[in-house]
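The values are calculated or read from the model by the stated rules, or taken from the named source; none is laboratory data. Nothing here was measured: the structure is a model prediction, and the numbers come from that model. Heads up, the Cβs are rebuilt from the backbone with ideal geometry, glycines too, and the neighbour counts pull from every protein chain shown. Ligands, DNA and RNA are stripped out before the accessible areas are found, and what is left, the full protein with its side chains, is counted by its heavy atoms. Shrake-Rupley method; radii C 1.70, N 1.55, O 1.52, S 1.80 Å.
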Amino acid sequence: MDLKTSHNSPVFVDPLPSLALPMTYTTPTSFPPSGLYLNTPKKKPLPSKIEEVRAAGWLDLMLASSPPRKRQSKDFLPHDVQADDLDLRYRNWMVNYPSALGSFEAITELARGKKLALFLDYDGTLSPIVDNPANAVMSDEMRAAVRHVASLFPTAIISGRSRDKVFDFVKLTELYYAGSHGMDIMGPIRKSESNGHHVECVRSTDSEGKEVNLFQPASEFLPMIAEVFENLSESIKDIEGARMEDNKFCVSVHYRNVAPHDYETVHQRVTAVLKDYPCLRLTHGRKVLEVRPVIDWNKGKAVEFLLESLGLSESDDVLPIYVGDDKTDEDAFKVLKANNHGFGILVSSVPKDSDAFYSLRDPSEVMEFLRTLAAWKEGSS
C-alpha cells in the first residue's frame, strides 16, 4: 500500500486542551485488520491564517515546557519567596492529587483481596530526565526495586523509547516491555487464543528463551518512519542542540538543549518534512516533538492489551496501577479512570492537570513507593 497520498498537509494533534469525553471500554483486539488503520479521511488544506494560529500554539507549548529565564531582581521576588509560593501551590494541588506514599494505607485497602498489575513509564519515572536521552540510566537501587515488585506482580514498562532501548536500560527479564508508546509490545502468551478477537501477534522468544507474543500494530509504517528519520535528521542538523532519536515506530526530535529563539525553526523544519507524510502525526512530550503513525493506538491501548494478554481484563478482582510523568501517559490514566478500574499515579514536582488519581514528586519517590508496595505484599502474604 502506498502510504503517501495526495493530502496537502500532515495530521497534527492540537496543543490546545480539549474537553474530556466519556470513554467506552473496547479491547484493542476488536480493532480491524492492520491495513484498515490507514484509511484516514482526506482533509482540505487549512487556510493560512489558521495554520499561523496552530503554529503559534505549538510554539507556546514548546516554550511552556522550557526552563524559565534567569531571574532579574527588578522583575522577581527573592528566590526563597518564589520557592515558598511554588511549594504552597504544590501542596494545594495535592489536595486533588494526594501523595501515593502519604495515601498508601488507602491504596492497600483498595488492593486488599485483588490481583495487582503494575505499569511503569521509564524516562522521568524510573530514571531522571537528563539533557542527553542516551544518558538516562536507571540506578542499581531502582533496578532492584523494579525486580522485586516484578517478582510479586505482573509488571510492564510502557515507554516512548524503542522497546530494545528500554530493555538495554532496564536489563530485567522478569517483566514485559512495550516500546514506541505501545506500538511494539513483547508480552505474555495470551491466556485464551479462542476468544473471537483478531489480533496479529507473532510468537517469539525473549533473551532467556521464554515464549512471548510480539504485537506491532504499526508494522506497515516502518519503511516510512525510517525515511522520515533520515529526512528530519538532514533538516535539523544545523540547529544547535537539536537531537534526533529513532524509536522504531516513532521519531523523536529533542529540543531540550536548543535555545528558545530557535524553537520556531525546529517546529517549522519538522512540519515542512511532514507535509509529505499525511499518514503521520506530530505530538508533543517533555521538550520533545514526536512523529507517530496515525493509528488508534497509544499507551492506554497498550495497557488494555497487556491486561487481556495476562487474562486480567474481565476480572473484577484486579487492580491495575500505572505510574508515569509524561503527557503521553495520560492516555493510560484515562483508560483506568474511565473504567473505574485501577488508577494512575502522576510523577511531577510541579502542579499540572491530569487524569491520574495520586501523585509522586520524582523517581526517588517512585522507588520508595515500589519498595513499600513490595513490603506490603510480602507482609500481607
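Key figures for this structure:
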quantity	calculated
Residues (open to solvent by 10 Å² or more (accessible area, probe 1.4 Å) and either within 22 Å of Leu312 (Cβ to Cβ) or part of a loop (DSSP other than H, G, I, E, B) (or both)) located in the stretch 122-152	Pro128, Ile129, Val130, Asp131, Asn132, Val137, Ser139, Arg147, His148, Ala150, Ser151, Leu152
Filtered residues of the stretch 87-100 (kept if touching a strand residue (DSSP E or B) at 6+ places or on another chain (Cβ under 8 Å) and open to solvent by 40 Å² or more (accessible area, probe 1.4 Å))	Met94
Selection count where residues are in contact with a Cys (Cβ under 8 Å, 6 or more places away or on another chain) and farther than 19 Å from Thr328 by Cβ, scope the stretch 119-160	0
